[in-house]
1. Count charges around Leu108 for me, please; just the other residues with Cβ under 14 Å from its Cβ, Lys/Arg as +1, Asp/Glu as -1.
2. How large is the convex hull of the C-alpha atoms of region 338-385 per residue, in Å³?
3. Over all alpha-carbon pairs in region 218-389, figure out the percentage whose distance exceeds 22 Å.
4. Give the calculated FRET efficiency between Asp130 and Ser331 to the nearest 0.05, with a Förster radius of 41 Å applied to their Cβ-Cβ distance.
5. Please work out the Cα center distance from region 49-104 to region 344-360, rounded to the nearest Å.
6. Summing Lys, Arg as +1 and Asp, Glu as -1, what charge do residues with Cβ under 14 Å from the Cβ of Gln94 carry, Gln94 excluded?
Amino acid sequence: MNEERPTKASTQAGPQAEPETTPTEPKPSEPSRDVGWVGASPSQVARTVVIALLTAVVVLGALFLLWQVRTFVGWFVVALFLAAALDPAVNWLQRRHTLIKRPLAIVLAYLGVIAVVLFMVGIFLPLLVDQINGLVDFVTAAANAPEGPTQYVKGLAQQYGLGGVFERLSDELKGLRDELGELVRNVFSSTGAIAIGAAGFLAALATILTLTFFLLVGSERYLNAGVGLFSEAHRPLVRRLLTQSAGAVSGYITGNLAISAICGVTTFVVLLVLGMPYAAPLALLVAVLDLIPLVGATLGGVLLVVVGLFVEPWKAVVLLVFVLVYQQVESNILQPMVYSQAVQLNGLVILIALLVGGQLLGIAGALLAIPVAEIIRIVVTELLAYRCTGQEANEPALPPQPTGPDLESRSEGQEVT
């Protein structure tokens, strides 16, 4: 009995004793397998170098090809913007009249644009012809004057009170006869170049209109084809990007045309009230200049004030006041009202876009700068939102915290234990 007690005590104390642990020797650290170029085989290095060189060659070749066809690329970009601008009008014609098919609606939209262009040409053409005839008559009279072209121009300067200016410029006017003759010869010799330039312009216009026609006819098909190039998960995002970009372009162009039309009509009324000469051409020119963002209205206002100075000084003052008031109304009322749904850019971004677009493509680049900047903003915003949404979807959901009766029952269970 006495022998059993220590045995039982030892068995009871056995589980409580901590097991002895034998010290383990530290294992030597194994070298990392990711050693870069050092551990790579020569064949892998050669294959990587070849792939990099081929990629660089393909990229450079693509850039060189784009540079060679840059003219066509520019035409295609203009056609895209025209298609986005005319698409709302074409859709409206289709909804308005069920018998009008899409090709006929496109033709009607083209006819409307041609009518507007002919109207503008009809206003400017008489003034342009009048000014050209006046220039030709002046050059002919100065060249055939008995006293010589220099004395003829001097007599005109003294007649209008500009004799002092003529005396200061007398050295530059000594060879006026030769310069006028050279000018006439250059005009006649450059007739061929002018004809070639006009033919090139007409060819570019026909190409752009043809591309725009096909883009409008198959707009939905091209949209579906472009979206189909992406995976199923990305197709809603791509469709949303393309739809919003087209809406931004059409909204901006429509709004810009509406603001320019308001500017032209208002200017025409003011010029008629003041009795200014050439009221219609001046108003149309101001409306066209107003299409240029930021600086267009200022250029048109300067033109009106300068013309007013040559007519009567007090009219120039009235026109200056009108230009200042109208610019405030356009900047603070018309533009926010029209562009609020189409463009969401601040002034600095608009200025940078205008400078870059004007440097690259001139006036056309300045006109297309704001829609392109808005498309970039839409793409960046949508991609960031899509990425944030994907990250939130991949995060594991936290278990719900117990509240109310569940929390009380859990606390009671802990007290019982």
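1. +3
2. 78 Å³
3. 54 percent
4. 0.70
5. 22 Å
6. +2
Values quoted throughout were computed directly from the atomic coordinates according to the rules given, and no laboratory measurement underlies them. None of the values given here were measured: they were computed from a predicted structure. Here the Cβ is made from the backbone with ideal geometry for all residues, glycine too, and neighbour counts use every protein chain on show.
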